[in-house]
Each structure stands twice: as structure tokens, then as C-alpha cells.
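Derivation of every value follows stated rules applied to the coordinates shown; laboratory data play no part. What you are looking at is a predicted structure, and each value in this text was computed from that prediction instead of being measured. Cβ sites come from the backbone with ideal geometry, for glycine too, and all protein chains shown count toward neighbours.
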Amino acid sequence: MSDPIPDWTDRMRDLTEDLNPETCDRFVRDLYEAAQNDLDEQRAKADFDREE
């Protein structure tokens, strides 16, 4: 799987010219990481529930 961060960063920067590229990149990375953590927690709970 390719890294989606650059594509999403570019999309975000296309929305406005006022955003600093580094700020956009950090925001997208933080958001992506938070979403992945949420998915991991959901998967872990589902696995736990299946095992019981």
C-alpha cells in the first residue's frame, strides 16, 4: 500500500493558500495516526469479543 499522506496533504493545501506545508503535513499525519489507532482498538475489541 502506498503512503496516502502526501496525497491528502496536497488536497488540504489545495483548499487554501494560507496553510503552511509543514503544518498541513503534521495535521494529516496526526489525523491519520489517530484514525489508525481507533481502527486498531475496534479490531482488538472485535477479536476479543469473538474469542469469548
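Key figures
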read-out: Condition met for Arg13 (surrounded by 10 or more Cβ atoms within 10 Å (Cβ to Cβ), of a type outside the set (Val, Ile, Thr) and touching a helix residue (DSSP H, G or I) at 6+ places or on another chain (Cβ under 9 Å)); value: yes
read-out: Leu19, sole failed condition from (1) assigned to a helix (DSSP H, G or I); (2) without any contact (Cβ under 8 Å) to a residue 24 or more places away in the chain; (3) surrounded by 11 or more Cβ atoms within 10 Å (Cβ to Cβ); value: (1)
read-out: Failed item, numbered, when Glu52 is tested on (1) surrounded by 12 or more Cβ atoms within 10 Å (Cβ to Cβ); (2) out of contact with any Lys or Arg (no Cβ under 9 Å at 6 or more places or on another chain); value: (1)
